[in-house]
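*Asks:* This is the structure I have questions about; it appears just below.
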Amino acid sequence: MIKPSLEPRPVIRKLSEIPQGGSSKAGFLVDKNSGWRNRTPRVDVDKCVGCLQCYMYCPDGVIRKNVIEIDGKTVTKVDIDYDFCKGCGICEKMCQIGAISMEEKSE
Amino acid sequence: MSEIRFISGDEAFAQGVRLAKPQVISAYPITPQTIVVERLADMVEDGSLNSEFVHVESEHSAMMTAMGASAMGARVFTATSSQGLLYMAECLTYVSGGRFPIVMMNANRATALPWSIYGDHRDSLSQLDSGWIQIYVEDAQESLDMALEAYRLAESENVRLPVMINLDGFILTHTYEAVEIPSEEDVRDFLKPRETWDKLDFDNPVSMAFTVGPELNEEFNLLHHKAALAAIDELDRIDKEYAELTGRSYGGSVNGYLTEDADYILITLGSISGLVRDTVDELRAEGIKAGVVKIRMIRPFPTDELLKHLENVIAVGTLERDISFGYEGTVYTNVNSALHKGRNFADSYDFIGGIGGRDISKEIIRECFEAMINKETDRLVRFVGLEVEDDVR
């Protein structure tokens, strides 16, 4: 799983410190943002078949592919980034096999 | 070894692009640009150019495809004209603000309405504020050469901006000339494959097409402005290096002809420059100290370079294929601003002609010089070459 790390917002004092180019570090992932959440999705890893519907539909991009070894076999599961999940529950609705359930607490 | 072939301006540009070896070409055909796209498609088909040719459904998509490919580190080419340029206008600022070094050929053509496929500069000049570097060429050879120089300029580390090369529609795009085509070997060291530090990379994710709030947005724009200004000297350096390679030099951002002792100078853009030089030769033979300055690069605007040519003039005229309705030609506005900044108070005239493909004849050019010589300062801004009597107030 590739997860950009949180870094403090860069302090720019001179023009020359501003990045010039097509892409650069954004300076956006400066804080965890999960305080809105009052329900928390939990993935039942045994049930999950790795169809990635939750990954496709997550409006905040916090569900990621998690390719792991189970009993010597490579299988695809999902991971949820609780630092940014807002608890909207769309993943639970999209999961056709009931592998995601919403817990009634914010942690 | 170079070879000489009899080809049109569009084909010459396509040959230049072939030598630049872009990995991705995305373009939508529009008259009079079509031939450049067709020739490049032929080259990709027959294998003489190893490039991904993306067939897009519009100019808007053409530019966005180009931007995506450029963000992956590819060298990219696209081309358009007139309404196509206006349709991709939204994308132009994305590409320039994102500092993607895309090279685009624009075949200068009138903008609707009235609908016309023939040439003037109202399409590209409407996009002066798009943040792109804009260069105008005079003949097919310069078209080929500038395709190569444009990539060098766009990809220069101190510039990193997209470049639009403008060819007068039909007059250049469809006129055949003998053009010297360098070999791949000839230009190998002049234009190396693109290398950049800012390409998108799965292993090191970064942000593209960024948002910047009021806390730094102005600073980003100032940096863009400084990068554009850097293109004036950079083009000069590249032009000199290209001259060492091929023997052809175009003089950087402006090109003066007999300006040193000139009393009357006509400023031009693009293909009309040659005929103006011929007319100047005739006027010189008649004892009139006339001269020409061709503006090759209008963004960034070469203020100091232009002023050097205008130091001793009595009057200066701007001959342009553009009108900003309700004011004057846009080139004239830019020239006057430069004159004022240089505290040069020569009489300055605007001659608007060649609109919608109207021919600018030698007689019309002489008329421009006569107006300056006769000090017709009551009509500083005028249309020239009208075919009917102007009786509307």
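*Asks:* Kindly state, to the nearest 0.05, the FRET efficiency for A:LYS25 paired with B:ASP278, given R0 = 45 Å and r defined as their beta-carbon distance.
*Replies:* 0.20
*Asks:* Remind me, what semi-axes does the range B:3-246 give for its equivalent ellipsoid, largest first in whole Å, using sqrt of 5 times each Cα gyration tensor eigenvalue?
*Replies:* Over the Cα atoms of the range B:3-246, the semi-axes work out to 26, 21, 18 Å.
*Asks:* Oh, and also: Between B:SER58 and B:GLU311, what is 0.36 nm times their sequence separation minus the Cα-Cα distance? Round to one decimal in nm. Intermediate values should be presented prior to the final figure.
*Replies:* Working: separation 253, 0.36 × 253 = 91.08 nm, distance 4.62 nm.
Answer, rounded to one decimal: 86.5 nm.
*Asks:* Right, another one. Hey, if you put +1 on the Cβ of every Lys and Arg and -1 on every Asp and Glu Cβ in the range A:1-103, which of A:GLY21, A:ILE97, A:VAL75 ends up farthest toward the positive end of that dipole?
*Replies:* Projecting each Cα onto the dipole axis, the largest value belongs to A:GLY21.
*Asks:* So, one more: Let me make sure I get this right: for the range B:254-383, a, b and c are the square roots of the gyration tensor eigenvalues over alpha carbons, sorted descending. Under 1.5 in a/c it's rounded, otherwise prolate if a/b > b/c, else oblate. Which is it?
*Replies:* Rounded, because the longest to shortest axis ratio a/c is under 1.5.
*Asks:* Quick one: among A:LYS14, A:LYS65, A:LYS32, which has the greatest mean-square fluctuation in a GNM of chain A with alpha-carbon springs under 10 angstrom?
*Replies:* A:LYS14
*Asks:* Computed FRET efficiency, Cβ-Cβ of A:VAL11 and B:ALA89, R0 30 Å: what is it to the nearest 0.05?
*Replies:* About 0.25, to the nearest 0.05.
*Asks:* Then there's this: Once phi is turned into θ = phi - 60°, what whole-Hz ³J(HN,Hα) does the Karplus curve with 6.51, -1.76 and 1.60 give for every residue of the range B:200-217, x standing for Gly and Pro?
*Replies:* 5, 8, 4, 7, 9, x, 9, 9, 10, 6, 6, 9, 9, x, x, 5, 9, 4
*Asks:* Sticking with this one: For chain B, what is the calculated [θ] at 222 nm in deg cm²/dmol (nearest 500), taking -39500 (n - 2.57) for each run of four or more DSSP H residues and dividing by its residue count?
*Replies:* That calculation yields -12000 deg cm²/dmol at 222 nm.
*Asks:* How much length would be gained if the chain were fully extended between B:SER126 and B:GLU387, taking 0.36 nm per residue of separation minus their Cα-Cα distance, in nm to one decimal?
*Replies:* 91.4 nm
*Asks:* Let me know the shape class of the protein assembly as shown, please: from the alpha-carbon gyration tensor, a ≥ b ≥ c as square roots of the eigenvalues, rounded when a/c is under 1.5, otherwise prolate if a/b is greater than b/c, or oblate.
*Replies:* Prolate is the answer for the protein assembly as shown, as a/c is 1.5 or above and a/b outweighs b/c.
*Asks:* Per residue, how big is the convex hull around the C-alpha atoms of the range B:316-393? Give it to me in cubic angstrom, could you?
*Replies:* Given the Cα convex hull of the range B:316-393, per-residue volume reads 105 Å³.
*Asks:* Compute the whole-percent fraction of alpha carbon pairs in the range B:65-107 spaced more than 17 Å apart.
*Replies:* Result: 25 percent of Cα pairs exceed 17 Å.
*Asks:* When only alpha-carbon atoms count, how far does chain A stretch along each of its three principal axes, as whole angstroms with the largest first?
*Replies:* Ordered largest first, chain A gives principal extents of 53, 35, 20 Å.
*Asks:* Sticking with this structure for a sec: Report the Cys residues of the protein assembly as shown lacking a disulfide-compatible partner, meaning no second Cys Cβ under 4.7 Å from their Cβ.
*Replies:* Cysteines of the protein assembly as shown left without a disulfide-compatible partner: A:CYS48, A:CYS51, A:CYS58, A:CYS85, A:CYS88, A:CYS95, B:CYS91, B:CYS368.
*Asks:* Further question: Given a Förster distance of 41 Å, report the FRET efficiency between A:VAL49 and B:ASP201 from their Cβ-Cβ distance, rounded to the nearest 0.05.
*Replies:* Details: r = 31 Å, r/R0 = 0.75.
Calculated value: 0.85.
*Asks:* Let me ask something additional. Could I have the simple spin-label model distance between B:GLU157 and B:LYS375, label points 7 Å from Cα toward Cβ, reported in nm to one decimal?
*Replies:* About 5.5 nm, to one decimal.
*Asks:* Here is a follow-up. With an 8 Å Cα cut-off and a minimum separation of 6 or more residues, compute the relative contact order for chain B in percent.
*Replies:* Dividing the mean separation by the residue count of chain B yields 16 percent.
Every number in this text was worked out from the coordinates using simple rules, so none of it is lab data. The shown structure was predicted, so the numbers you read here are calculated from the model rather than taken from an experiment. For neighbour counting, all protein chains shown are included, and Cβ atoms are generated from backbone atoms with ideal geometry for every residue, glycine included.
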